[in-house]
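Undergrad: Handing you this structure, nothing more for now.
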Amino acid sequence: MAVLKISNLVVGPSDVARLERELISLNDFFVEAQARQPGTAMQTPKLSQTLNQLAKENDINLLDEDLRQKLAQELKRIYEQAPVLHISFATEASPKAMEKLVTWVRANIHPQALIQVGLQPSVAAGCFLRTANKTFDMSLRASLKKSQPLLLKMIAGAVDGR
């Protein structure tokens, strides 16, 4: 299987784990279907839009057991080895903002990078980004703190200039 292209609907590790569980459920359905008596009614599992899109973008026929197994192995590899960016915002990011962020990260950092989003109200504005070996504080508080000498000088000048 070529490098798996993951859609922007797959944002973080939890999405990859959900796809893995969905594939397991689909495999279980096919195993049960072989064991059942002919003519017995069965409820086919509902596939998520995410799994359908993933299969379509990678030309994977989910009815083919070998392709399903390869997809499951690739999803496991991504879950265990793909770079993960931990981003904390003050409030929940909108789906449109997350889609833009995922698109940019996959185009500029790694095509299979995952983003784990968290909430940290102390950020106030901006975000806090953490990778495996680096941390970036891109909050308004950090920006103001970095500019503190200039702000104090400007305030002092404004007070003295009365």
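The values are calculated or read from the model by the stated rules, or taken from the named source; none is laboratory data. What you are looking at is a predicted structure, and each value in this text was computed from that prediction instead of being measured. Using ideal geometry, Cβ is built from the backbone for each residue, glycine included, and neighbour counts are taken over all protein chains shown.
Undergrad: Residues to consider are LEU54, LEU67, LEU63, LEU47; find the one that is within 18 Å of the chain's Cα centre (by Cα) and either of a type in the set (A, V, I, L, M) or within 13 Å of ILE6 (Cβ to Cβ) (or both).
TA: Exactly one residue qualifies, and that residue is LEU54.
Undergrad: What's the number of the only condition in (1) farther than 28 Å from VAL84 by Cβ; (2) touching a Leu at 6+ places or on another chain (Cβ under 9 Å); (3) surrounded by 13 or more Cβ atoms within 10 Å (Cβ to Cβ) that GLN53 fails to meet?
TA: Status for GLN53: all satisfied but (1).
Undergrad: Oh, and also: Listed residues THR135, THR103, THR131; which is at pLDDT below 80, of a type in the set (Val, Ile, Thr) and within 23 Å of SER7 (Cβ to Cβ)?
TA: Selected residue: THR131, the only one of THR135, THR103, THR131 that is at pLDDT below 80, of a type in the set (Val, Ile, Thr) and within 23 Å of SER7 (Cβ to Cβ).
Undergrad: For segment 1-114, which fully contained helices (runs of 4 or more DSSP H) count at least 1 residues that are assigned by TED's automatic domain parsing to the domain that holds ALA125 and small (Gly, Ala, Ser)?
TA: Numbers: elements: 13-35, 49-57, 65-81, 95-108.
Those helices (runs of 4 or more DSSP H) span 95-108.
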